[in-house]
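Novice: Have a look at this one.
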Amino acid sequence: MNGTFRVGNLFGIPFNVHPSWFLILGLVTWTYGNGLAAAFPGLFGPLPWILGLVTGLLLFASVLAHELGHSFVAISQGIEVKSINLFLFGGLAQLEKESKTPAEAFWIAIAGPIVSLLLFGIFTAIGVGTPISGPLAAILGLLASINLALALFNLIPGLPLDGGNILKAAVWKITGNPYKGIIFASRVGQIFGWIAIASGLLPLVLYGSTANFWNLLVGWFLLQNAGQSAQYATVQDKLAGLTAEDAVIPNSPIVSADISLRKFANDYVIGQNRWRKFLVTDEDGQLVGAIAVDDLKTVSLEIWPQIKVRELTRSIAESDIVKSNQSLLEVATLIEQKQITQLPVIRDNGVLVGLLEKTSIIDLMQRQAQPA
């Protein structure tokens, strides 16, 4: 999440905090400290606000435990947890990738609410089963109720909440398409976002009183995140239905390994400025490697007619070549991971199809989005 800063590691997972977290911590410290001071006059000096600060930290520790629940289940599935971030609305565990099956996605999603419900049970049991009273009993009661609220709120069936991820897993199971699950759960999340905003504005509309600020904030949060999830999943769904061959550039920069450097320069280089590197094929059309225009400078001009392109061809790593029938979503992911802009596309028999660029994927998606 943008704007966070790292404060340490938890079980090998980077732990980050957003500045908005301190706003909530200060608010909890002040308001609950005032509440304790009013309810327990015997608390002297700054003690109510010290207890308020401890309560705020324990509340965020509960949120952290909730996110660790998601994280431990993800790790058990072989999914790396990039970080856990605390921010204004709670916490977020950033996972390296999605689960492989709907069942695995379900268990990651449900793990957080289960942890919160367990904490609710533990704090309730301590409060009921021990002779603790006074401010400590009040703090235990608050922690129990907050963890129950955290579990129930997150079970609302709309993204980006845990209930939305559970709904996503259910739709994925029914349709066999994870992206349809994300899109559906995102739309439901947007509905709940509008409901939250409407409930926040209701006091202002009906009674002319102040709008419910927190409901407005929660509604905005749901709308923003659910909308982004839906857009991202829509793109992923379209990419998954296309192949690398669909995004190959027409008239890709391809030359034969057996032509001379003179012919290469005359027919492909002179008069064009777009391509500075060309893919090279043998007589059977199979990919041999690539030749860079700048490499021509390493050979004397007088012997260009005697030197073949093959002699200046450089091999291409197998990891930087994609198959023509490979999902375009996989190709786009590879491009982002490797931070590259181009990939050669070949058939299963090694025959070159052409060159695929990051921009050609974008152009293809734009053409797909246009009405027929």
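We did not get these values from a lab; they are worked out from the coordinates using the rules stated. The structure presented is a predicted model; accordingly, all values stated were derived computationally and were not measured. Here the Cβ positions follow ideal geometry from the backbone for every residue, glycine too, while neighbour counts run over all protein chains shown.
Novice: Report, to two decimal places, the Cα Rg of the stretch 59-154 normalised by 2.2 N^0.38 Å (N = number of residues).
Specialist: Values: Rg = 15.0 Å, N = 96, 2.2 N^0.38 = 12.5 Å.
In units of the 2.2 N^0.38 Å rule of thumb, it is 1.20.
Novice: Continuing with the same structure: Please state, to two decimals, what the Cα-based radius of gyration of the stretch 281-320 comes to when divided by 2.2 N^0.38 Å (N = residues). Don't skip to the answer; put the middle values down first.
Specialist: On the way: Rg = 11.7 Å, N = 40, 2.2 N^0.38 = 8.9 Å.
Relative to the 2.2 N^0.38 Å estimate, the stretch 281-320 comes out at 1.31.
Novice: Percent antiparallel among DSSP beta bridges with both residues in the chain, to the nearest 5?
Specialist: On the way: 26 of 34 bridges.
Restricted to the chain, the bridges split so that about 75 percent are antiparallel.
Novice: On average, how much area does the Cα convex hull of the stretch 17-73 cover when viewed from any direction, in nm²?
Specialist: 4.4 nm²
Novice: What residues qualify as long-range amide H neighbours of GLU80, i.e. H under 5 Å apart, gap of 5 or more or another chain, H built at 1.01 Å from N?
Specialist: Those lying under 5 Å, H to H, from GLU80 are GLU96, LYS97.
Novice: Sorted by average packing, counted as other Cβ atoms within 10 angstrom per residue and highest first, what order do 122-135, 20-33 take? Walk me through the numbers on the way to the answer.
Specialist: On the way: 122-135: 13.4, 20-33: 16.6.
Ranked by mean Cβ neighbours within 10 Å, highest first: 20-33, 122-135.
Novice: Still on this structure, I have one more. Counting other Cβ atoms within 10 Å, which GluC sites (Glu not before Pro) in the stretch 69-133 have at most 14 and lie in a DSSP loop?
Specialist: Details: sites: GLU80, GLU96, GLU98, GLU104; in loops: GLU80, GLU96, GLU98.
Those that pass, being in a loop and sparsely packed, are GLU80, GLU96.
Novice: A further question follows. Check the straight Cα-Cα distances from LYS82 and name the lysines below 28 Å, setting aside those fewer than 8 residues away within the same chain.
Specialist: LYS97, LYS100, LYS168, LYS173, LYS180, LYS238, LYS338, LYS358
Novice: Work out the length of the dipole vector of the chain about its Cα centre, built from +1 on the beta-carbon of each Lys and Arg and -1 on the beta-carbon of each Asp and Glu, and round it to the nearest 20 debye. List each step's numbers first, then the result.
Specialist: Details: 23 positive and 25 negative charges, 126 e Å.
Computed charge dipole of the chain: roughly 600 debye.
Novice: Please list, short to long, the whole-number percent of alpha-carbon pairs of the stretch 196-310 in consecutive 5 angstrom bins beginning at zero.
Specialist: P(r) over the stretch 196-310, rounded to whole percents: 2, 9, 12, 12, 8, 6, 5, 5, 5, 5, 5, 5, 5, 5, 4, 3, 1, 0.
Novice: How far, in nm, would the chain grow between ARG314 and ARG6 when pulled straight, counting 0.36 nm per residue and subtracting the alpha carbon separation?
Specialist: Values: separation 308, 0.36 × 308 = 110.88 nm, distance 4.25 nm.
Value of the extension gain: 106.6 nm.
Novice: Okay, next question. Bin all alpha-carbon pair distances of the chain at 20 Å intervals from 0 and give each bin's fraction as a whole percent.
Specialist: With 20 Å bins starting at 0, P(r) equals 22, 41, 24, 12, 2.
Novice: 5 Å is the cut-off here: which amide hydrogens, built 1.01 Å from N in the peptide plane, fall below it relative to LEU10, excluding neighbours closer than 5 in sequence?
Specialist: Long-range HN contacts for LEU10: PHE15.
Novice: Between the helical axis of 358-369 and the dominant principal axis of the chain, each derived from Cα atoms, what acute angle in degrees is found, rounded to the nearest 10?
Specialist: 70 degrees
Novice: In the calculated pair distance distribution of the stretch 254-294, what percentage of Cα-Cα distances lie above 17 Å? Could the numbers behind the result be given before it?
Specialist: Details: 195 of 820 pairs.
So the portion of pairs separated by more than 17 Å is 24 percent.
Novice: Can you compute 3J(HN,Hα) from phi for each residue in the stretch 310-321, using the Karplus curve 6.51 cos²θ - 1.76 cosθ + 1.60 with θ = phi - 60°, rounded to whole Hz and x for Gly and Pro?
Specialist: Per residue, the Karplus-derived 3J(HN,Hα) values read 3, 6, 9, 6, 10, 5, 10, 4, 4, 5, 9, 10 Hz.
Novice: Taking only Cα atoms of the stretch 265-334, what ratio of Rg to Rh do you get with Rh as the Kirkwood inverse-distance radius? Before the final figure, lay out the partial values.
Specialist: Values: Rg = 14.8 Å, Rh = 14.2 Å.
Ratio of gyration radius to Kirkwood radius for the stretch 265-334: 1.05.
Novice: Turning to a different aspect of this structure: For the stretch 220-287, state which trypsin sites (Lys or Arg not before Pro) are in a DSSP loop and have at most 15 other beta carbons lying within 10 Å of their beta carbon.
Specialist: On the way: sites: LYS238, ARG262, LYS263, ARG274, ARG276, LYS277; in loops: ARG274, ARG276.
Hits after loop and neighbour filter: ARG274, ARG276.
Novice: Let me ask something else about it. Which of the peptides 288-295, 164-171 is most tightly packed, and how do the rest follow, judged by the mean count of other Cβ atoms within 10 Å per residue?
Specialist: Details: 288-295: 17.4, 164-171: 23.9.
Highest mean packing first, the order is 164-171, 288-295.
Novice: So, one more: When you take every Cα atom in the stretch 241-372, what is the radius of gyration, and what is Dmax, the widest Cα pair distance, in Å?
Specialist: Final numbers for Rg and Dmax: 15.9, 55 Å.
Novice: How fast does the stretch 213-256 diffuse by Stokes-Einstein, in µm²/s, taking the Kirkwood radius from C-alpha pairs at 10 °C and 1.306 mPa s? Write out the running numbers ahead of the final one.
Specialist: Numbers: Rh = 13.8 Å.
The Stokes-Einstein estimate is 115 µm²/s.
Novice: Which values of log₁₀ I(q)/I(0), to two decimal places, follow from the Debye formula for the stretch 118-231 at q = 0.12, 0.16, 0.22 Å⁻¹ with a uniform point scatterer at every Cα?
Specialist: Log10 of I(q)/I(0), two decimals: -0.60, -0.81, -1.00.
Novice: Where does the chain land at 222 nm, in deg cm²/dmol rounded to the nearest 500, when only DSSP H runs of n ≥ 4 count, each adding -39500 (n - 2.57), divided by all residues?
Specialist: Working: 10 runs with 199 residues, N = 372.
Result for the chain: -18500 deg cm²/dmol, rounded to the nearest 500.
Novice: Please give the FRET efficiency for GLN272 paired with ASP237, using the beta carbon to beta carbon distance and R0 = 41 Å, rounded to the nearest 0.05.
Specialist: 0.65
Novice: For TRP304 and LYS358, compute 0.36 nm times the residue count separating them, minus their Cα-Cα distance, and round to one decimal in nm. Walk me through the numbers on the way to the answer.
Specialist: Details: separation 54, 0.36 × 54 = 19.44 nm, distance 3.33 nm.
That pair, TRP304 and LYS358, stretches by 16.1 nm at full extension.
Novice: Once you put a point 7 Å from the Cα of PHE153 and another 7 Å from the Cα of GLN339, both along the Cβ direction, what distance in nm separates them?
Specialist: The two pseudo-label positions are separated by 3.7 nm.
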